[in-house]
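Shown next, in structure tokens, is the structure this report addresses.
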Amino acid sequence: MNTSVTTKELIQLLDQYVTPHKKEVIDNVLAQRTRHLTVVLEDLYHPHNISAVIRTCDCFGVQDLYITQRLHEYDINPNVVRGASKWVTLNKFERQKNTSVVCFEELKSKGYRLVGTTPDRDSVSMEMLDISLKTALVFGTELGGLSEYARDEVEEMVHVPMYGFTESFNISVSAALLLQHLMGRLKTMNLDWGLTDEEKDELKFEWYQRIVKRSDLHLKKFFEERGLSHPINE
């Protein structure tokens, strides 16, 4: 963004085109958003599952979702995601041999502890999982689970308790159960789990651009009137 203009100024520009109700909803959502927990989907091949997890992340306030695509490329299923992809930050790692390596290194650089998900009951139960540190929950492919590389890289494995004959939940169901439980616990802990003011402003500006009709024209006029270069055109 042009350094002569602040994000707050651009928010103020678009704010006049947003209804009071939408402003209230956005502020309430931002107050509940977190990057303390995040989700990683390692090379899933059912678009339905990925779209369902995106929707789950939005519903429970998890802002970031990481998607690695080594063998399978993902396209959003609009009938499942129901618009949630507009509000969740998707970090997609394109198809290449070391896609999980690149993704995991980025997560580690951001201070995340990698935790693999598994149906194995010998792993730690979600009730006992330590989430005092920033945690990335890694889900493997629908049939094979985590790759060998992921299993070597995660610091711990976690499972959702089950009491029936079926061996495992569907991935999207597991993600929903884990996030519902862990987000509930997180909000009772004395941790600074919310977004920073700067992160909230960045997301608010991003979201305003998506809900304001022809926001690009409003921004273009704003920059032109000030004799500044439009960042979209740089």
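At a glance:
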| read-out | value |
| --- | --- |
| Residues satisfying the stated conditions in segment 14-55, i.e. among the basic types (Lys, Arg) and either surrounded by 18 or more Cβ atoms within 10 Å (Cβ to Cβ) or within 20 Å of Ser85 (Cβ to Cβ) (or both) | Lys22, Arg33, Arg35, Arg55 |
| Test result for Ser132, under 19 Å from the mean Cα position of the chain (by Cα), assigned by TED's automatic domain parsing to the domain that holds Thr68 and closer than 18 Å to Val53 by Cβ | no |
| Residues of segment 88-122 satisfying the condition of being more than 24 Å from Gln32 (Cα to Cα), buried (at least 17 other Cβ atoms within 10 Å of the Cβ) and of a type outside the set (Val, Ile, Thr) | Phe93, Ser100, Cys103, Phe104, Gly116 |
| In segment 1-13, the residues that are exposed (fewer than 14 other Cβ atoms within 10 Å of the Cβ) and either closer than 30 Å to Phe93 by Cα or of a type in the set (Phe, Trp, Tyr) (or both) | Met1, Asn2, Thr3, Thr6 |
| Close pairs from segment 203-230: first in a loop (DSSP other than H, G, I, E, B), partner not charged (D, E, K, R), Cβ under 6 Å, at least 6 apart | Val212/Leu14; Val212/Tyr17; Leu228/Asn2; Leu228/Ser4; His230/Phe223 |
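The values are calculated or read from the model by the stated rules, or taken from the named source; none is laboratory data. Everything quoted here is computed from the prediction, not taken from an experiment. Note that we place each Cβ from the backbone using ideal geometry, even for glycine, and neighbour counts take in every protein chain shown.
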